[in-house]
1. Name the residues in the stretch 61-71 that are within 14 Å of residue 134 (Cα to Cα) and open to solvent by 20 Å² or more (accessible area, probe 1.4 Å), would you?
2. Out of all the residues in the stretch 30-50, which are out of contact with any Leu (no Cβ under 7 Å at 6 or more places or on another chain) and in a loop (DSSP other than H, G, I, E, B)?
3. Residue pairs, Cβ under 7 Å, 6 or more apart or interchain, first in the stretch 87-115 and touching a residue at least 12 places away in the same chain (Cβ under 8 Å), second charged (D, E, K, R) and open to solvent by less than 40 Å² (accessible area, probe 1.4 Å). List them.
4. Which of the residues spanning the stretch 95-128 are open to solvent by 40 Å² or more (accessible area, probe 1.4 Å), among the aliphatic types (A, V, I, L, M) and at pLDDT 95 or above?
5. Could you say whether any residue in the stretch 13-35 is of a type in the set (Phe, Trp, Tyr), in contact (Cβ under 8 Å) with a residue 40 or more places away in the chain and open to solvent by 10 Å² or more (accessible area, probe 1.4 Å)?
6. Considering only the stretch 41-60, I want to know if a residue exists there that is open to solvent by 40 Å² or more (accessible area, probe 1.4 Å), modelled with pLDDT under 95 and basic (Lys, Arg).
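The values are calculated or read from the model by the stated rules, or taken from the named source; none is laboratory data. Predicted, not measured: the structure shown is a model, and the values here were computed from it. Cβ sites come from the backbone with ideal geometry, for glycine too, and all protein chains shown count toward neighbours. Heads up: the accessible areas ignore ligands, DNA and RNA and are worked out on the full protein's heavy atoms, side chains in. Shrake-Rupley method; radii C 1.70, N 1.55, O 1.52, S 1.80 Å.
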Amino acid sequence: MADLDDIYNQRIFELAAAIPHATRLDRPHAAARAHSKLCGSTVEVEIRMDGDRISDFGQTVKACLLGQASAAIVGREIVGTPAGEFRAVAAAMRRMLKENGPPPEGRWADLGMLQPVKDYPHRHASTLLVFEAVERALDQAEAQAAVAPDAAAGA
């Protein structure tokens, strides 16, 4: 089992102290919220899309240190990310925490610093909140995009 010092290290504190895109968007294409009943953490996100890519991102994070750290990494990397890539990163995070899978790679590799959280199941929900919120927002944006051509055709 990972030691708590492996989880609550200096880098996690630094990330939590500087969450990127911690502002609301003027006109988001979609917005969503994820909440953990276990710890009371909440993450709200807003996205703008350019085709299949996330072109802008805003987030309000009221979460524990781990939720803040994961939101900071997502905030740093998400703009320009295709929806499918983000969903793959979210799935990798779930596997990493719940199934002892490998951490995400490439520009998402810093999420690997959250790997010791796997030994603390009660911390999984807060660590994954930002992923749940963004996936809900992507679902919403994709549903709206699917309806938009029909609405335009009916006009």
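1. Here is the first cut: in the stretch 61-71, the ones within 14 Å of residue 134 (Cα to Cα) are 61, 67, 70-71.
Answer for the stretch 61-71, where residues must be within 14 Å of residue 134 (Cα to Cα) and open to solvent by 20 Å² or more (accessible area, probe 1.4 Å): just 61.
2. Listed by number, the residues that qualify are 37, 38, 39, 40.
3. 87/135; 90/135; 107/77; 108/77
4. Matches in the stretch 95-128: 109 only.
5. Filtering the stretch 13-35 for residues of a type in the set (Phe, Trp, Tyr) gives 13.
Keeping just the survivors that are in contact (Cβ under 8 Å) with a residue 40 or more places away in the chain gives 13.
Going one step further and asking which of them are open to solvent by 10 Å² or more (accessible area, probe 1.4 Å), we end up with 13.
Yes, some residue in the stretch 13-35 is of a type in the set (Phe, Trp, Tyr), in contact (Cβ under 8 Å) with a residue 40 or more places away in the chain and open to solvent by 10 Å² or more (accessible area, probe 1.4 Å).
6. No, the stretch 41-60 contains no residue that is open to solvent by 40 Å² or more (accessible area, probe 1.4 Å), modelled with pLDDT under 95 and basic (Lys, Arg).
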